[in-house]
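Remarks on the structure that follows.
Rule-based calculations on the coordinates, nothing more; no lab input. Just so it is clear, the model here is predicted, and its values are computed rather than measured. So basically every Cβ, Gly included, is an ideal-geometry build from the backbone, and we count neighbours across all protein chains shown.
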Amino acid sequence: MGEADASTPLAQSVAHTLLVREGRRLGGTLPRPERTRVMVVANQKGGVGKTTTAVNLAAGLAQHGLRVLVLDLDPQGNASTALAIPHHRGTPSTYEALVEGRALTEVVQASPDIEGLFVVPATIDLAGAEIELVSMVAREGRLRKAVHGHPLVFGEGADRFDYVLIDCPPSLGLLTLNALVAGDEMLIPIQAEYYALEGLGQLLETVDLVKAHLNPGLVVSTIVLTMYDARTRLSAGVADEVRAHFDGQVLRTAIPRSVRISEAPSYGQTVMTYDPGSPGALSYLEAARELATRDPARPAGTVSEGSRS
């Protein structure tokens, strides 16, 4: 195949598929951030592709040679399932880190499918953590203490984590609050469907409260459009509306609605390994590349007041 053809969608699909099946990392390693980027993936509205986005971005970053840690903070454990990490009751998990104060180094597992990807799973025990945390001292900062206590977060060596992605439950309880206090950046997946911005006002108000009282450095740095259908006017209209509300924070790459993306978790995989040549996998790969090459030190815009209504 000629060099001129290497950038075509078909060529990218074939190349990605072959590399993944051979267990090799992708060419063109992405730049490492100067320090570990701790990103909270949250949206209290369910069904927006939150967990799907977290695990596939993590996989895409790791396939490009970066070191990534995923913290599953959702009691359903869907991120753990998609990353083929055991999370049955009794498995060391984020519950032990949050409630019992165990070090993350004691509960982290390496991904069996992707080199450089690590996971702290969630078990059903996490469902009771909200109640148990209520009476604890400094209850909102327990995850931050655990994250900052990991020697490979904000470290100096080649083996430090480049990204920590925290997958939150679809609610604004103490688990999500812990994530917001622990993170430096917030990544919000928004589905390209009617009422896409509904409920975001409450989430952004919570972010403002966290910034005012608990974590002044938190910024909403990234918005990802999911379930995008280029054939419909609705998706295009929603995309325009989201870009109008979030000035510059929206990734150029939109994630298409895809059966392959939906199927992958039932096989204990991300779409990045389940069908690496599919449009969904290539979109997440491009989104990961875009995320890694944007300037994290400069938020790409400010949230407009209209998005809070």
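Let a ≥ b ≥ c be the square roots of the eigenvalues of the Cα gyration tensor of region 123-282; is it rounded (a/c under 1.5), or, if not, prolate (a/b larger than b/c) or oblate?
Details: a/c = 1.76, a/b = 1.40, b/c = 1.26.
The shape class here is prolate.
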- Putting +1 on Lys and Arg Cβ atoms and -1 on Asp and Glu Cβ atoms, find which of SER171, LEU133, ALA230 reaches farthest to the positive end of the dipole of the chain. ALA230
- Amide H partners (placed H, <5 Å) of VAL38, local residues excluded: VAL164, ASP184, GLU185
- Would you mind calculating the gained length between ALA230 and ILE131 on full extension (0.36 nm times residue separation, minus the Cα-Cα distance), in nm to one decimal? 31.3 nm
- Note on the structure: Expected max-MSF residue from LEU175, LEU152, LEU209 in the GNM of the chain (alpha carbon, under 10 Å) is LEU209
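Over region 33-293, what is the percentage of antiparallel beta bridges among all DSSP beta bridges, to the nearest 5?
Details: 2 of 28 bridges.
Antiparallel bridges: around 5 percent, rounded to the nearest 5.
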- Table column - 3J(HN,Hα) (Hz), region 91-102, Karplus curve with 6.51, -1.76, 1.60, x for Gly and Pro: 6, x, 8, 5, 4, 4, 5, 6, 8, 9, x, 6
- Message: Among TYR194, ALA58, PRO31, whose Cα projects farthest towards the positive end of the dipole of the chain, with charges put on the beta-carbon of Lys, Arg (+1) and Asp, Glu (-1)?
- Response: PRO31
- Item | Pairwise centroid distance, computed over Cα atoms, of region 155-178 with region 67-83, Å | 10
- Here the residues of region 40-57 lying in the modelled label zone of SER262, meaning backbone nitrogen under 13 Å from a point 7 Å along Cα-to-Cβ, are 47-49
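Which translational diffusion coefficient, to the nearest whole µm²/s, is obtained for the chain from the Stokes-Einstein equation, given a Kirkwood hydrodynamic radius over C-alpha pairs, 25 °C and 0.890 mPa s?
On the way: Rh = 19.5 Å.
Rounded to a whole number, D works out at 126 µm²/s.
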- Only Lys, Arg, Asp and Glu count, each charged at its Cβ (+1, +1, -1, -1), so figure out the dipole size of region 162-265 about its Cα centre, rounded to 20 debye. 300
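Suppose R0 equals 22 Å. What FRET efficiency, 1/(1 + (r/R0)^6) with r the Cβ-Cβ distance, do HIS148 and LYS211 give to the nearest 0.05?
Numbers: r = 18 Å, r/R0 = 0.82.
Computed FRET efficiency for HIS148 and LYS211: 0.75.
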- Item | Net dipole in debye of region 33-293 [+1 Lys, Arg Cβ; -1 Asp, Glu Cβ; about Cα centre; nearest 20] | 140
- Message: If I build a Gaussian network model for the chain, linking alpha-carbon pairs within less than 10 angstrom, which residue out of THR293, THR94, THR36 has the largest mean-square fluctuation?
- Response: THR293
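For a footprinting-style exposure proxy, rank TYR284, TYR228, TYR163, TYR194 by other Cβ within 10 Å, fewest first. Intermediate results must be reported in sequence, preceding the final value.
Values: TYR284 30, TYR228 21, TYR163 24, TYR194 9.
The fewest-first ordering by Cβ neighbours comes to TYR194, TYR228, TYR163, TYR284.
First select every other residue whose beta carbon is under 12 angstrom from the beta carbon of ILE190; then total the charges, Lys and Arg +1, Asp and Glu -1. Can you show the working numbers first?
Working: positive: LYS45, LYS50, ARG243; negative: GLU193, GLU198, GLU241.
Summing Lys/Arg as +1 and Asp/Glu as -1 gives 0.
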